[in-house]
Amino acid sequence: MTLSTLDWLIVGLYFILSLTIGIWSSKKAGKDTKSFFLAGRNMPWWLLGISMVATTFSTDTPNLVTDLVRQNGVSGNWSWWAFLLTGMLTVFVYAKLWHRSGVLTDIEFYELRYSGKAAAFLRGFRALYLGLVFNVLVMGTVSLAAVKFGEIVLGWPGWMTLSIACSITLAYSTLGGLKAVIMTDFIQFILAMVGSIWAMFFILGLPQVGGLSQLISHSNVIDKLSIFPNLSDPNVWIPVMLVPLAVQWWASYYPGAEPGGGGYIAQRMFSAKDEENAVAATFLFNIAHYALRPWPWILIALSSLVIFPELSDIQKAFPNLPADKLGHDVAYPAMLSLLPSGLLGLVAASLIAAFMSTMSTQLNLGASYLVNDFYHRFIKPNASGKDLVRVGRLFTVLSIILGAGLGLLLTSAGQAFTLLLMIGAGTGLIYILRWFWWRINAYTEIVAMISSLVIAAYFNFGDSSLEEWEKIVFGAILTTLVWIVATFVTPPDDEKTLQNFVNKINPGGPGWSKYSTPTTEPWILPKGILLMILGCIVVYSILIGVGQLIYGNSMGYMLIALSITSAFGLKQLWK
């Protein structure tokens, strides 16, 4: 299969538009780190919210959803739907706290919250760890999906796909900074939504699929439709739903859904005009990410079970696909190969844009850590703003080379997803408690980080007798026990640092009672948790309700009504 001239024209136009935005943004971006890494701190909520959604969706996202659906059914998506819980906590609790901090990066926060050499070490170490190691792993995952997409849809070898897409991404990221990233994210989101919905309708209309009603009654599909796992079989519902909802959402550090609200979500919040825009942006992100986007991908994944029921069918259709890249996740790009000229170009452009969007965000975020929290903090404290931007651009080049290179070595989107979850298992609770309990200190995080890496390495490369979900649960439990002990045997932070933190952030609550000052503002956590619950009901009701309507079940209308009622209550309380 080859793209037509019209398809290539659409893809080429997106490349030109991305470069134009980068050049347009470059003049202001080069002034200082605030302009380059935070877009001048004057972004509106709607643009930031859409940027968060666009960044969270990369070429690997529909691949991952397809992998989950083909192997575990629609209910397999609870492995990422569960992260809505931490997402809503970020909206109604952490967004305010982060914006009050006034930091440039979430790693700079360490020396605001903790004291002494341990805090400085933690800041520098996390800058290198997240800026290089973790960031490169995320980019490698994204690059893997781009490789598979290029080999199947574009007909290019992996290195060529990455070379072209990464070169353009590198150009506008280094020229325009975060502002260019946010602007291109907006274009990418529109392309992605139009492309995925249009592609879904076309694929459902294929003679082999025969429309929605025939799809959901097909013998290959009917046992994959349930939104909830089989509750009579613990071997199914425990790993698919219980572990994500009971443990994974708070225990694991995953990009875009960090407990305590960090990473590029925090970066977007720092870029907002004010606290209100930061909160509204994060709320928009959670609605769009969990309620609006999944079903087109799910329906295409279910359709793939009709056209490519086995991996051997994909291999037969694409004989040039390397054996180490063959997996259920490639069924998504395989389905896209059935699209007609024009639509194929639009979808191809949207997926290339999705890749470039996520890569550009990771590049800018990783460079902000390496520049602000390592180079400027420890190497050259007196560097000028322009010097720091120049160094940031150099780090951007290094990161994209390492990330793309890793993408050529990985084989499965599911494999990479599980690895990311395991590396951070057990550390998530710290990122929540450090806002509300004075006793959490820098040593707590250092010990948790080291023990998490050691335990993840052991479970991945040593003990192979456990299931993946068992590794995550046991990893979280062991890591949590280790850092709790470390918290009580290490010295607390100094009184001055803790008092300054309370004065600046005003987190409130019994965990800070000894440092609290008289204030008219009530503790935000109790109301925040209530708002979080209502927010989750709003989003989950839409998500499940739409699914029920697709399946022809009238219960979907009741769920949509529940969502509207909860949204009204949420609005009244939010005031």
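Brief remarks on what is shown
- Per the listing Ala95, Ala118, the residue uniquely farther than 17 Å from Asn372 by Cα, at pLDDT 90 or above and assigned to a helix (DSSP H, G or I) is Ala118.
- Matching residues in the range 192-209 - criterion: being within 21 Å of the chain's Cα centre (by Cα) and open to solvent by less than 30 Å² (accessible area, probe 1.4 Å): Ala192, Gly195, Ser196
- Qualifying position, being open to solvent by 60 Å² or more (accessible area, probe 1.4 Å), closer than 30 Å to Tyr443 by Cα and at pLDDT 90 or above, among Ile564, Ile529, Ile533: Ile529
- Of residues in the range 410-451 being open to solvent by less than 20 Å² (accessible area, probe 1.4 Å), assigned to a helix (DSSP H, G or I) and among the β-branched types (Val, Ile, Thr), the one modelled with the lowest pLDDT: Ile430
- Filter pass, Gly49 being free of Cβ contacts under 8 Å to residues at least 40 places away in the same chain and more than 25 Å from Ser226 (Cα to Cα): no
- Within the range 326-354, being farther than 22 Å from Val11 by Cα and open to solvent by 10 Å² or more (accessible area, probe 1.4 Å) holds for Leu326, Gly327, His328.
- For the range 142-171, the set of residues classified as among the aromatic types (Phe, Trp, Tyr) and modelled with pLDDT under 80 consists of Phe149, Trp156, listed by residue number.
- Taking the conditions (1) in contact with a helix residue (DSSP H, G or I) (Cβ under 8 Å, 6 or more places away or on another chain); (2) in a helix (DSSP H, G or I); (3) of a type outside the set (S, T, N, Q); (4) open to solvent by 10 Å² or more (accessible area, probe 1.4 Å) in turn, Gly12 satisfies each one other than (1).
- Residues being over 27 Å from Leu162 (Cβ atoms) and either out of contact with any helix residue (DSSP H, G or I) (no Cβ under 7 Å at 6 or more places or on another chain) or open to solvent by less than 10 Å² (accessible area, probe 1.4 Å) (or both) are represented in the range 18-35 by at least one member.
- Condition met for Val502 (free of Cβ contacts under 8 Å to residues at least 24 places away in the same chain, open to solvent by less than 50 Å² (accessible area, probe 1.4 Å), in a helix (DSSP H, G or I) and not basic (Lys, Arg)): yes
- All positions within the range 439-454 that are in contact with a Ser or Thr (Cβ under 6 Å, 6 or more places away or on another chain) and of a type in the set (A, V, I, L, M, F, W, C): Ala448
- Annotation note: of Leu212, Leu175, Leu245, the sole residue that is farther than 19 Å from Ala367 by Cα, surrounded by 18 or more Cβ atoms within 10 Å (Cβ to Cβ) and out of contact with any strand residue (DSSP E or B) (no Cβ under 8 Å at 6 or more places or on another chain) is Leu212.
- Just so you know, in the range 75-92 the residues that are among the aliphatic types (A, V, I, L, M) and assigned to a helix (DSSP H, G or I) include one that is nearest to the chain's Cα centre (by Cα), and it is Leu84.
- Some residue of the range 252-275 being open to solvent by 10 Å² or more (accessible area, probe 1.4 Å), more than 23 Å from Ile182 (Cα to Cα) and either assigned to a helix (DSSP H, G or I) or not aliphatic (A, V, I, L, M) (or both): yes
- For the range 311-363, a residue qualifies if it is closer than 17 Å to Leu64 by Cα and not in a helix (DSSP H, G or I), and the qualifying residues are Leu326, Gly327.
- Among the residues of the range 231-242, the ones that are polar (S, T, N, Q) and open to solvent by less than 50 Å² (accessible area, probe 1.4 Å) come to 0 in all.
- Candidate set from the range 32-54 (those that are assigned to a helix (DSSP H, G or I) and of a type in the set (D, E, K, R)); member that is modelled with the highest pLDDT: Arg41
The values are calculated or read from the model by the stated rules, or taken from the named source; none is laboratory data. In this text, all values refer to a predicted model and were calculated from it rather than measured experimentally. Virtual Cβ from ideal backbone geometry, glycine too; neighbours counted across all protein chains shown. With ligands, DNA and RNA removed, areas are computed over all heavy atoms of the protein, side chains included. Shrake-Rupley method; radii C 1.70, N 1.55, O 1.52, S 1.80 Å.
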